[in-house]
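First the structure, in the form of structure tokens, and then the observations on it.
The values are calculated or read from the model by the stated rules, or taken from the named source; none is laboratory data. These numbers were taken from a predicted model, which means no experiment stands behind them. Every residue, glycine as well, gets a Cβ built from its backbone with ideal geometry; the counts of neighbours run over all protein chains shown. Heavy atoms of the whole protein, side chains included, go into the accessibility calculation; ligands, DNA and RNA do not. Shrake-Rupley method; radii C 1.70, N 1.55, O 1.52, S 1.80 Å.
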Amino acid sequence: MLNARTIEIVKSTVPLLESANTALTEHFYRRMFRDNPELKDVFNLSHQKTGRQPAALFTAVLAYAKNIDNPAVLAAAVERIAHKHTGFSIQPEQYAIVGHHLLETIKELAPDAATPEVIDAWAQAYGALADIFIGREAQIYQDNETRPGGWRGTRAFVVKEKHAESEQITSFLLAPADGGAVVDFKPGQYLNLHLDSDTLEHKEYRQYSLCQAPNGENYRIAVKREQGGVASGFLHDQVSVGDTLQVLPPAGDFFMEVTPNTPVVLISAGVGQTPMRAMLDQLLNRQHPAPIYWLHACDNGAQHAFRQDLQATRLAHTNLETHIWYRAPLASDRPAEDFDAAGLMDLGPLREAIDLPNAHYYFCGPLPFMTMVKDTLAGWDIAAERLHYEVFGPHQSL
Ligand SMILES: Cc1cc2nc3c(=O)[nH]c(=O)nc-3n(C[C@H](O)[C@H](O)[C@H](O)COP(=O)(O)OP(=O)(O)OC[C@H]3O[C@@H](n4cnc5c(N)ncnc54)[C@H](O)[C@@H]3O)c2cc1C
Ligand code: HEM
């Protein structure tokens, strides 16, 4: 329990944190990778280069300082971060390393403000937060290990199928090398791969949303080749059927849990459709009686992953309605059959159909796309509790 004085001191440093902004977390990561270079095998270094992870950590530290006397406000963020951490196999002892570099960063960036009292207050506050994460992560590890088909740490999976779903997106069917069962997940959750190869400079952890409903036997992921992408390039070019990948258990706080009478609207762009595919698969497996909408945007037919699959599914299920936008259709793309509208996704004309009482909306895609979706739905006065989204990278609130 933090005492009132500690809370007061931590809160008093909020303006200092705000003025330092991401310089704080950028400095933190620089000194941590300098002194603990082994952590380069843990963190996603692309997220460092793009600044997205320092920004995510800064947002978290600032939110903590601001709400230190009201931890309930932080519960959702703690849950998300704890899930993210377990995908990187973060261990309790690593919290001391991070804590050390955080305190040293405060001393180095704000030597005047970093009185012994301030440092002591932050040490206590950091320790309290670290304990929350360590406790929650221990529960997740334990849960993953003890549920049927579960495991702890990495487990070898064999690539059973590798299939090009579009020009840029390839799916991989993964089954455990030991022939055992695999733990169920909630549709929307992601799998964590731990990639290690002589051809990679560092070991890499990457998250890939599970794109078919849980079946107890295997997992399917679909990976978009990113321009210059380390992991996606490796998976596309160097991983073949029969190869083995090291896999951590499914994780993630973005998932669908709906009652049978809940209308579900699944909205995606590009490879952002992957978590929605697991949701759709599960809804159809369970013969979900309420309306289901599949709204998807991509560039054109050549980029439209899982197109034939969707077309067959649509014909087989009368409560499933689909609407597809192609930004720039190819001459070979067939209007009405392959796509419904040219240009960017515009939800406006669909309002009457999809603005349903009690519907839940799940969306994923590039950040500007998700901002558009969220602004549109919030503009229709749909409550925030009915909007759910996933960011394919360090979290950012929309
Ligand atoms: C919860 C979650 C679910 C995900 N699900 C999926 C999924 O289902 N399918 C999928 O394909 N992906 C998914 N991702 C994304 C995936 O984890 C990887 O981030 C993605 O494959 C890119 O990894 P990479 O190693 O190929 O690219 P990286 O090497 O990490 O590079 C990614 C991008 O970062 C940029 N970049 C890298 N270095 C620099 C630099 N120096 N300067 C500027 N920009 C730079 C480039 O634009 C590059 O294309 C998900 C991510 C999360 C967090
Ligand atoms: C109280 C301490 C900590 C806080 C507040 C914190 C905060 C965060 C946040 C906000 C994210 C981004 C989450 C998201 O994208 O949804 C994150 C991711 C991550 N954290 Fe932590 N973290 C802490 C401790 C640690 C420790 C001890 C380690 C281990 C060295 C660690 C390693 C990581 C890694 C590897 C990621 C993913 C990075 C990426 O995707 O680029 N964190 N953390």
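Just a few scattered comments:
- Spans of helices (runs of 4 or more DSSP H) in region 1-108 with at least 2 residues more than 16 Å from ligand 1 (Cβ to nearest atom): 4-12, 14-20, 22-35, 52-66, 75-87
- Condition check for F88: within 21 Å of the chain's Cα centre (by Cα) and either under 21 Å from D41 (Cα atoms) or charged (D, E, K, R) (or both): yes
Let's see how each residue does on (1) in contact (Cβ under 8 Å) with a residue 12 or more places away in the chain; (2) more than 30 Å from N192 (Cα to Cα); (3) out of contact with any Leu (no Cβ under 9 Å at 6 or more places or on another chain):
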{"residue": "R5", "(1), (2), (3)": "yes, yes, yes"}
{"residue": "E8", "(1), (2), (3)": "no, yes, yes"}
{"residue": "K11", "(1), (2), (3)": "yes, yes, yes"}
{"residue": "P15", "(1), (2), (3)": "no, yes, yes"}
{"residue": "T22", "(1), (2), (3)": "yes, no, no"}
{"residue": "T25", "(1), (2), (3)": "yes, no, no"}
{"residue": "F28", "(1), (2), (3)": "yes, no, no"}
{"residue": "L39", "(1), (2), (3)": "yes, no, yes"}
{"residue": "Q48", "(1), (2), (3)": "yes, no, yes"}
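- One residue alone among G252, G229, G233 is of a type in the set (G, A, S), touching a helix residue (DSSP H, G or I) at 6+ places or on another chain (Cβ under 7 Å) and within 13 Å of ligand 1 (Cβ to nearest atom), and that residue is G252.
- Sole residue being in contact with a Gly (Cβ under 9 Å, 6 or more places away or on another chain) and either open to solvent by 70 Å² or more (accessible area, probe 1.4 Å) or modelled with pLDDT of 95 or more (or both), chosen from A316, A341, A305: A305
- Applying the condition of being assigned to a helix (DSSP H, G or I) and touching a residue at least 60 places away in the same chain (Cβ under 8 Å) to region 281-302 and asking which residue is surrounded by the most Cβ atoms within 10 Å (Cβ to Cβ) yields D281.
- Considering residues of region 344-382 that are part of a loop (DSSP other than H, G, I, E, B) and within 22 Å of the chain's Cα centre (by Cα) only, the residue surrounded by the fewest Cβ atoms within 10 Å (Cβ to Cβ): P366
- Taking region 165-217 as the region of interest, the strands (runs of 3 or more DSSP E) fully inside it that hold 3 or more residues being open to solvent by 20 Å² or more (accessible area, probe 1.4 Å) and at negative phi are 204-209.
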